[in-house]
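Reviewing the structure listed below.
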Amino acid sequence: MVRMDVMRRTVHTCELSPAELAGIRALLDTAFDGDFNDEDWDHGLGGLHALVHHDGELAAHGSVVMRRVLHAGRSYRIGYVEAVAVRADLRRRGLGGLVMADLERVIQGAYAFGALSASDAGAPLYRARGWQAWQGPIEVLAPEGVVRLPDEEGSTYVWGQVPSGAHPLAFDWRDGDVL
């Protein structure tokens, strides 16, 4: 990791200016190579954003939003991590870890536990920070009822005081990608 002078800020969506929101969206569009749509953007809003600036420019971002998850007959209020990205020219320098440290602090202080859906490229960062792939079934409380999401099994990671057991995690419904 190369030592860099950075400025970190954790802020709620309502405190971000239109220009800051546009800058975050541009970072995400670029970082995800055009595979970041309006629903993905919406999923990352309404919670807390961890911002890392380098040389006065946005270099990394992530957000944590509240979700409801059912497990073994109990409803948990969890912190769900969204929209984690680092500018391409600054990757592998620890900025993603700074973003995650700030988001984990929020999760630890405000939620039962954390969850996220990891890409193959992102999974090593999360595993190195103690996030673990959920070993049980993943479901969603869809408009038509409970639906199993086998494609999300193995890529859904959890962190913190996670309940144990073989019961599924059943996430609340939302438009677009559920996880």
Exercise. Restricting the first residue to region 122-139 and requiring it to be more than 16 Å from residue 82 (Cα to Cα), which pairs with a second residue that is open to solvent by 70 Å² or more (accessible area, probe 1.4 Å) and assigned to a loop (DSSP other than H, G, I, E, B) meet a Cβ separation below 9 Å and a spacing of at least six or different chains?
Worked result: 135/166; 136/166; 136/167; 137/166; 137/167
Exercise. Condition test on residue 114, is it open to solvent by less than 40 Å² (accessible area, probe 1.4 Å), at pLDDT 95 or above and out of contact with any Leu (no Cβ under 8 Å at 6 or more places or on another chain)?
Worked result: no
Seminar exercise, completed: Among 145, 46, the single one that is at positive phi and over 18 Å from the mean Cα position of the chain (by Cα) is 145
Exercise. Of all residues in region 26-47 being among the aliphatic types (A, V, I, L, M) and under 19 Å from residue 179 (Cβ atoms), which is least open to solvent (accessible area, probe 1.4 Å)?
Worked result: 28
Seminar exercise, completed: Matching residues in region 13-64 (closer than 16 Å to residue 99 by Cβ and among the small types (Gly, Ala, Ser)) number 9
Exercise. When you go through 92, 74, 68 one by one, which is the residue that is under 15 Å from the mean Cα position of the chain (by Cα) and open to solvent by 20 Å² or more (accessible area, probe 1.4 Å)?
Worked result: 68
Seminar exercise, completed: Over region 105-128, the set of residues farther than 16 Å from residue 50 by Cα and not aliphatic (A, V, I, L, M) is 111, 113, 117, 119, 120, 122, 124, 127
For this session: Mind telling me which of the residues 151, 177 ends up being modelled with pLDDT under 95, open to solvent by 50 Å² or more (accessible area, probe 1.4 Å) and under 16 Å from the mean Cα position of the chain (by Cα)?
Result: 177
Problem set entry | Residues of region 117-132 that turn out to be surrounded by 14 or more Cβ atoms within 10 Å (Cβ to Cβ) and out of contact with any Ser or Thr (no Cβ under 7 Å at 6 or more places or on another chain), as a count | 6
Exercise. Can you spot a residue in region 126-136 that is assigned to a helix (DSSP H, G or I) and aromatic (Phe, Trp, Tyr)?
Worked result: yes
For this session: From (1) aromatic (Phe, Trp, Tyr); (2) out of contact with any Gly (no Cβ under 8 Å at 6 or more places or on another chain); (3) surrounded by 14 or more Cβ atoms within 10 Å (Cβ to Cβ), pick out the condition that doesn't hold for residue 159.
Result: (2)
Exercise. Surrounded by 19 or more Cβ atoms within 10 Å (Cβ to Cβ), closer than 25 Å to residue 163 by Cα and out of contact with any Asp or Glu (no Cβ under 6 Å at 6 or more places or on another chain) - does that describe any residue in region 52-63?
Worked result: yes
Exercise. What pairs come up if the first residue lies in region 73-102 and is in contact (Cβ under 8 Å) with a residue 12 or more places away in the chain, the second is of a type in the set (Phe, Trp, Tyr) and open to solvent by 70 Å² or more (accessible area, probe 1.4 Å), and their beta carbons are under 7 Å apart, counting only those six or more places apart or on different chains?
Worked result: 85/32
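The values are calculated or read from the model by the stated rules, or taken from the named source; none is laboratory data. Worth saying up front: this structure is predicted, and the values here are computed from it rather than measured. When we count neighbours, we look across all protein chains shown, and the Cβ atoms used for this are built from the backbone with ideal geometry, even at glycine. To get the accessible areas, we keep the full protein, side chains included, count just its heavy atoms, and leave off ligands, DNA and RNA. Shrake-Rupley method; radii C 1.70, N 1.55, O 1.52, S 1.80 Å.
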